[in-house]
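Written below as structure tokens is the structure these notes are about.
The values are calculated or read from the model by the stated rules, or taken from the named source; none is laboratory data. Note that the structure is a prediction, hence the values are computed from the model and not measured. Cβ sites come from the backbone with ideal geometry, for glycine too, and all protein chains shown count toward neighbours. Side chains included, ligands, DNA and RNA excluded: accessible areas come from the protein's heavy atoms. Shrake-Rupley method; radii C 1.70, N 1.55, O 1.52, S 1.80 Å.
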Amino acid sequence: MIVSMGGAPVEVSKAIAADFTAWHDQQFAAMTYADRLLHFPDPRWRCVYLGKGEEKAAFCVCDHRQRVFVLEVIDERTYLNGTFVTGTYFLERRVTGLSGVDFDHRALIGLRFTGLVKVREFVDGYEWARFQWRHDRRSWLDRPLTAFLQFVLGARYEAYQRRYRDVHERNVLFEVRTLRQSGVPGLARDAAGRVRLVRIGLQPIDLR
């Protein structure tokens, strides 16, 4: 899999539980936050900001072995236990250096981390509101592709709405999967611009 890390395409693999070692624990314990990025002692580790809600911010991290995973940095004052309901959480840690840190130090109110961090599986995909043909920018193909996928996968999305609260276009993703996995067959461009055959399915990432 190729993902964009700081604008550069990087060949990576999705982390699994067995990939996490004592070295990872050392990096997590010492990580800091600045300029909307997490920073680690190991200079080989890279981080990309994915987005935030009222209770957490999410970051994609690529470690020294080119394994990618997501760190959810949480504000427990507003945390409602929104979870990655069909995916995998690997670890939960408490990081002293993130406790009391504001997501935006210029804001008078808003997201403030309390030190709780959850480590979960990475999802390669786009929000329900808009599938993108290109990783780096929007194109005229996005709207027809999104409309087609929403039509085909609409029943699954509605099933999530019936079962869970607070389902919306930002917390359900169109996941780009391999041909061996389930989903709608299609074409997608990776971060390096290569067009490949894939399957596209739905992956809810923050439901409760």
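Numbers for the structure displayed
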item	result
Residue in region 164-173 that is open to solvent by 30 Å² or more (accessible area, probe 1.4 Å) and either small (G, A, S) or touching a helix residue (DSSP H, G or I) at 6+ places or on another chain (Cβ under 8 Å) (or both) present	no
Members of region 133-149 found to be assigned to a helix (DSSP H, G or I) and open to solvent by 60 Å² or more (accessible area, probe 1.4 Å), listed by number	R143, P144, F148
Identity of the residue in region 174-201, surrounded by 18 or more Cβ atoms within 10 Å (Cβ to Cβ) and touching a residue at least 60 places away in the same chain (Cβ under 8 Å), that ends up nearest to W128 (Cα to Cα)	I200
Any chance R130 is closer than 20 Å to M5 by Cβ, open to solvent by less than 90 Å² (accessible area, probe 1.4 Å) and not in a helix (DSSP H, G or I)	no
Strands (runs of 3 or more DSSP E) within region 1-119 that include 2 or more residues in contact with a Cys (Cβ under 6 Å, 6 or more places away or on another chain) and open to solvent by 10 Å² or more (accessible area, probe 1.4 Å)	46-52
Of the criteria (1) of a type in the set (A, V, I, L, M); (2) at pLDDT 95 or above; (3) buried (at least 16 other Cβ atoms within 10 Å of the Cβ), which one V123 fails	(2)
Scan of region 84-114 for residues that are under 20 Å from A22 (Cβ atoms) and touching a helix residue (DSSP H, G or I) at 6+ places or on another chain (Cβ under 6 Å), ordered by number	F90, R93
Region 169-185, residues that are of a type outside the set (D, E, K, R) and at pLDDT 90 or above	V172, L173, F174, V176, T178, L179, Q181, S182, G183, V184, P185
Selection within region 153-163 - surrounded by 13 or more Cβ atoms within 10 Å (Cβ to Cβ) and either over 22 Å from the mean Cα position of the chain (by Cα) or free of Cβ contacts under 8 Å to residues at least 24 places away in the same chain (or both)	Q161
Residue tally, condition touching an Asp or Glu at 6+ places or on another chain (Cβ under 7 Å) and among the aliphatic types (A, V, I, L, M), over region 19-65	1
Cross-chain or 6+ apart pairs with Cβ under 6 Å, region 55-81 first and on the phi > 0 side of the Ramachandran plot, then open to solvent by 10 Å² or more (accessible area, probe 1.4 Å)	N81/R208
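Per-residue answers, yes or no, for (1) within 25 Å of K14 (Cα to Cα); (2) in contact with an Asp or Glu (Cβ under 8 Å, 6 or more places away or on another chain):
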position: R106; (1), (2): no, no
position: L116; (1), (2): yes, yes
position: L153; (1), (2): yes, no
position: V167; (1), (2): no, no
